[in-house]
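Notes follow the structure.
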Amino acid sequence: MREMLLNLSEKQCPVDGLLRYVKGHRCLDCGKCVFGYEGAAQLELTLTDITMKKSRSGDLAQLEKLCRMMVEQSLCGDGTELGRTALAVFGQYAGAFSEHVAKRACQAGVCRSFVTYHILADRCVGCGECLDACEDDAILGKKKFIHVIDQDECTQCGRCLDTCEEEAIVKAGPVKPRCPAKPIPCKR
């Protein structure tokens, strides 16, 4: 698994990949040593915060310190291996980790909290299908108007994307399309 984490494509997120690895690691079920069990639990909590846009500036340094302690203090090879793997991933993908924390962005577009949905003005026909699909009332507009997604209300569920037959709704990562700030009349 370590080799897979160290050979990710551009469409794979190292933060998400490491989080999935930690969630499935046997240290979380063991409990025999503090540094293996608690280290894995803290690693999981902090990586979850990072993928959910809830990280703080010192999280990466804290994670590296924690993983070094896991390597040195774990009573079994599992805790040591988890700490070494995490340190290797941090080292190889330092840019992706700092991008998640500092810029609040996921280049791979994998971490759902970093993805936004937008309605393209040149494709929207004002049909209202997305309005009905959005259970969070995050889409503003009415019939014959180009709709707009309120990013503060959107929970990134993707229902609107699946509903739009005009393919006017797109998912965006760090590069956002230009969209109107409020609903405007359709030209189509």
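The values are calculated or read from the model by the stated rules, or taken from the named source; none is laboratory data. It should be emphasised that the depicted structure is a prediction, and the values quoted were computed from it without experimental measurement. No Cβ is skipped: glycine too gets one built from the backbone with ideal geometry, and neighbour counts run over all protein chains shown. Accessible surface is based on the protein model in full, side chains and every heavy atom, while ligands, DNA and RNA are left aside. Shrake-Rupley method; radii C 1.70, N 1.55, O 1.52, S 1.80 Å.
Worth pointing out:
- Within the range 141-188, being open to solvent by 60 Å² or more (accessible area, probe 1.4 Å), farther than 26 Å from Cys106 by Cβ and touching a residue at least 24 places away in the same chain (Cβ under 8 Å) holds for Lys142, Lys144, Glu165, Glu166, Lys182, Ile184, Pro185, Arg188.
- If you check Lys54, Lys32 for being over 17 Å from Phe90 (Cα atoms), within 12 Å of the chain's Cα centre (by Cα) and without any contact (Cβ under 8 Å) to a residue 60 or more places away in the chain, only one passes: Lys54.
- Filtered by the rule that a residue be acidic (Asp, Glu) and either in contact with a strand residue (DSSP E or B) (Cβ under 6 Å, 6 or more places away or on another chain) or not in a loop (DSSP other than H, G, I, E, B) (or both), the range 10-24 gives a lone residue, Asp16.
- Remark: Tyr37 matches the filter, which requires a residue to be hydroxyl-bearing (Ser, Thr, Tyr) and modelled with pLDDT under 90.
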